[in-house]
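Visitor: Next up is a structure, given as structure tokens.
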Amino acid sequence: MILSAIFGRSQSDVLTILVVSIAVIAIITRQWKKPSPPTVPVSVNYHFTRKCNKTCGFCFHTEKSSFVESKENAQRGLRLLKEAGMRKVNFAGGEPFLYPKFLGELCQYCKTVLHLESVSIITKGTKVTQSWLIRRTNIEIGRGSGENVRKLFQISQWCRSYGIKFKLNTVVCKLNYQEDMAETVERLAPFRWKCFQVLLVEGENDAADTELDVRKRNAKTLMISDKEYEQFCSRHRHLKCFVPEPNSLMASSYLILDEYMRFLDKGPGFETASPSILEVGVAKAMERITWDAKSFRDRGGMYDWSKKVNDESCRGSNGEKELEW
């Protein structure tokens, strides 16, 4: 239409039409490409180490390096995240309890200096000790620093004794998707039981048999279909603490910080990493990865982590003393 209108007009008319047309196109473009609202790293999973004492076949954060950031840099990065809006941090690995002193210092820093709403730890459980929990509890109240299933029950009891909320994670795979874990989970009584559908991440747990070593995994034989995962879910959905996390919600809904304090993008395709937040800041680092804030909300990422310890768990109220998380 614009071109047909130009023919037969004077040069000044043509210029006027072109200017008006460009302005209209610019307005339409701005309407089509409205800037996305700034994303806030509300909840961050900080994998400060890749070192682990286990070799789980489904692991997608494998021991590709032995690097651990200095305490000073780790604290500086955590402070940057708090200033950017972080309210909850989850320490993970690898196995974070391979560095109990470092882990304890970061937990103390996040609670007593940054005053985060929630500080949690993902662990295999084999390295957790009662003395570590006592020291952390004593620090929190100002007193100074100071077989797997069986171990889980022991840790669960310790947590209740020292006013710590106990959360349970399970990776649902080919080896366990037919199991009925309801009775055991009810006895463990976590306030939240997250069941992840085993996830394949390119470059992490998709190694060929000829490439397998301590730093690589092959989860291909452990994969299950969506239907098989749903079978597991339907068997456990009646539990109040049950939180399903299928692949459709997992890939880009977690903010994962690695040992170099870089955000990792474990979405479709090969894993990518942002620059370190220590070098470019939190906002610029987040621009380099895909974080699906909607999926984060859909999977229940904004659950009430400030609930008291005596709130209902899988087996109902446990009657323990209250604890601000």
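The values are calculated or read from the model by the stated rules, or taken from the named source; none is laboratory data. Predicted model, so just to flag it, every value in this text is computed and none were measured. Ideal geometry is used to build each Cβ from the backbone, glycine not excepted, and the neighbour counts take in all protein chains shown. Remember, those area values only see protein heavy atoms, side chains included, never the ligands or the DNA or RNA. Shrake-Rupley method; radii C 1.70, N 1.55, O 1.52, S 1.80 Å.
Visitor: Any residue at all in region 89-111 that is basic (Lys, Arg) and part of a loop (DSSP other than H, G, I, E, B)?
Guide: No, region 89-111 contains no residue that is basic (Lys, Arg) and part of a loop (DSSP other than H, G, I, E, B).
Visitor: Please determine, by comparing only the residues of region 95-105 that are open to solvent by 10 Å² or more (accessible area, probe 1.4 Å) and not charged (D, E, K, R), which one is nearest to Leu81 (Cα to Cα).
Guide: If we take residues in region 95-105 being open to solvent by 10 Å² or more (accessible area, probe 1.4 Å) and not charged (D, E, K, R), then Phe102 is nearest to Leu81 (Cα to Cα).
Visitor: Can you tell me which residue is most open to solvent (accessible area, probe 1.4 Å) among those in region 273-314 that are aromatic (Phe, Trp, Tyr) and modelled with pLDDT under 75? Show your work before the answer.
Guide: Residues of region 273-314 aromatic (Phe, Trp, Tyr): 291, 296, 303, 305.
Keeping just the survivors that are modelled with pLDDT under 75 gives 303, 305.
Details: Tyr303: 39, Trp305: 7 Å².
Looking at the filtered set, the residue picked out is Tyr303.
Visitor: Out of everything in region 250-264 that is open to solvent by 20 Å² or more (accessible area, probe 1.4 Å) and at pLDDT 75 or above, what residue ends up being nearest to Lys51 (Cα to Cα)?
Guide: Ranking the candidates gives Tyr260 first.
For every residue, the table says whether it meets (1) open to solvent by 10 Å² or more (accessible area, probe 1.4 Å); (2) in a strand (DSSP E or B); (3) at pLDDT below 95.
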{"site": "Thr184", "(1), (2), (3)": "yes, no, yes"}
{"site": "Phe196", "(1), (2), (3)": "yes, yes, yes"}
{"site": "Leu200", "(1), (2), (3)": "yes, no, yes"}
{"site": "Lys216", "(1), (2), (3)": "yes, no, yes"}
{"site": "Phe232", "(1), (2), (3)": "no, no, no"}
{"site": "Val243", "(1), (2), (3)": "yes, yes, yes"}
{"site": "Pro268", "(1), (2), (3)": "yes, no, yes"}
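Visitor: Of the conditions (1) at pLDDT 90 or above; (2) farther than 26 Å from Met286 by Cα, Gly163 satisfies every one except a single condition; which number is it?
Guide: (1)
Visitor: Being under 21 Å from Phe166 (Cα atoms) and open to solvent by 40 Å² or more (accessible area, probe 1.4 Å) is the filter here, so list the residues in region 76-94 that pass it.
Guide: Listed by number, the list holds a single entry, Arg87.
Visitor: Among (1) over 18 Å from Asp258 (Cβ atoms); (2) part of a helix (DSSP H, G or I), there is one condition Gly57 misses while meeting the rest; what is its number?
Guide: Every listed condition holds for Gly57 apart from (2).
Yes or no, residue by residue, for (1) at pLDDT below 95; (2) open to solvent by 50 Å² or more (accessible area, probe 1.4 Å):
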{"position": "Ser36", "(1), (2)": "yes, yes"}
{"position": "Val42", "(1), (2)": "yes, no"}
{"position": "Tyr46", "(1), (2)": "no, no"}
{"position": "Cys56", "(1), (2)": "yes, no"}
{"position": "Val68", "(1), (2)": "no, no"}
{"position": "Lys71", "(1), (2)": "no, yes"}
{"position": "Ala74", "(1), (2)": "no, no"}
